[in-house]
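Have a look at the structure below, then the notes.
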Amino acid sequence: MDMVYEESLKVLEADIQHANALAAAIPRAKDGARFQMKLVHNELAPLVMFLLQWIDSSCSCLLPRYLNLVHVLVYKVE
């Protein structure tokens, strides 16, 4: 379970980096601002993921989603 979750995070991070590269190629607005994204982990994520690797349950792969351990943050860069 832990490997699948980590692989999913790596794919998501790669997608975010690709989206940021595409956004950087777009000419900036008059004020020079653009949007960027980054992957943000809850500070408890490493501990919860460590504990979840010991749980042998079919729902353990859904717990990180419901605990809001990872967020995609969109912010403005000037």
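Observations
- The range 10-34: number of residues that are within 16 Å of the chain's Cα centre (by Cα) and in a strand (DSSP E or B): 0
- Meets criteria (loosely packed, with under 11 Cβ neighbours inside 10 Å, aromatic (Phe, Trp, Tyr) and modelled with pLDDT of 80 or more) for Tyr66: no
- Residue within the range 43-53 that is modelled with pLDDT of 85 or more, out of contact with any helix residue (DSSP H, G or I) (no Cβ under 6 Å at 6 or more places or on another chain) and within 19 Å of Val72 (Cβ to Cβ) present: no
- Considering residues of the range 10-51 that are surrounded by 13 or more Cβ atoms within 10 Å (Cβ to Cβ) and among the small types (Gly, Ala, Ser) only, the residue nearest to Leu67 (Cα to Cα): Ala45
The values are calculated or read from the model by the stated rules, or taken from the named source; none is laboratory data. Note that the structure is predicted; figures quoted are calculated from it, not measured. Virtual Cβ from ideal backbone geometry, glycine too; neighbours counted across all protein chains shown.
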